[in-house]
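Participant: Sharing a structure, written as structure tokens. Questions coming.
The values are calculated or read from the model by the stated rules, or taken from the named source; none is laboratory data. Since we're looking at a predicted model, the values are computed, not measured. Cβ placement follows ideal geometry from the backbone for every residue including glycine, while neighbour counts extend to all protein chains displayed. Accessible surface is based on the protein model in full, side chains and every heavy atom, while ligands, DNA and RNA are left aside. Shrake-Rupley method; radii C 1.70, N 1.55, O 1.52, S 1.80 Å.
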Amino acid sequence: MGADRFSTATRLRTLGAQAAARVYRAQSRRVRTPRKGRLTGRAALLALVLCSLVVALAYPTRQYVTQRSEIADQKRQAERTRDEVDKLKELRARWRDPAFVEQQARRHLHFVRPDERGYILPDGTADPGPRRGRGPANRAWYENMWDAVDAADAADAADVSGRADADIGADGHRPSTAAR
């Protein structure tokens, strides 16, 4: 009988050990499961790699966009320059025509042919009515030139007289050199 009893006690210990192992495994499963919302090592590494890529690619991307806009500006400027060159080529072709040159000389420089007699009226018209306003665009080039010389002369004379007036005091006399 003693052997039966021993075997029952051994069985109970074995069953208890198995039960304890099951309880331990159940508790370890709960502990091993990661909490939700917690950053894992892999997620942190992935975030670090992504941030590094963004930082590394930000400057070249900005440079690319800037260069593309500069290229577009240069293309627009080249197109405007081409248009201007075309206009200048057309004007050069017109200036090669002797009739156009003669027309421009008559209009702007008041040239006349040797057998013609030229008259310039004071207001630039043949109409004896009231005089029009005479701006620089409606006058001969040499009149504008002489008016500019006269204006510069008058400004220079006013500047000299202004400096002389500044040197004369309120009493009408020049101050002594010691007071200067």
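Participant: Once the Cβ-Cβ distance between R76 and L53 is put in as r, and R0 is 30 Å, what FRET efficiency do you end up with, to the nearest 0.05?
Facilitator: E(calc), rounded to 0.05, equals 0.30.
Participant: Sticking with this structure for a sec: Using just the C-alpha positions of the range 72-112 as equal point scatterers, what log10 of I(q)/I(0) does the Debye formula give at each q in 0.33 1/Å?
Facilitator: -0.97
Participant: Right, next: Grab the Cα-Cα distance for A17 and W141, subtract it from 0.36 nm times how many residues apart they are, and report the gain in nm with one decimal.
Facilitator: Fully extending the segment from A17 to W141 adds 32.5 nm.
Participant: While we're looking at this one, here's another question. At 1.4 Å probe size, what's the solvent-accessible area of V149? Round to the nearest 10 Å².
Facilitator: For V149, solvent-accessible area is about 70 Å².
Participant: With a 1.4 Å probe and every protein chain left in place, tell me how much accessible area L121 has, in Å² to the nearest 10.
Facilitator: The value for L121 is about 70 Å².
Participant: Find how much the distance from A151 to E84 grows on full extension, using 0.36 nm per residue of separation minus their present alpha carbon separation; answer in nm with one decimal.
Facilitator: Residue separation times 0.36 nm, minus the Cα-Cα distance, leaves 20.5 nm.
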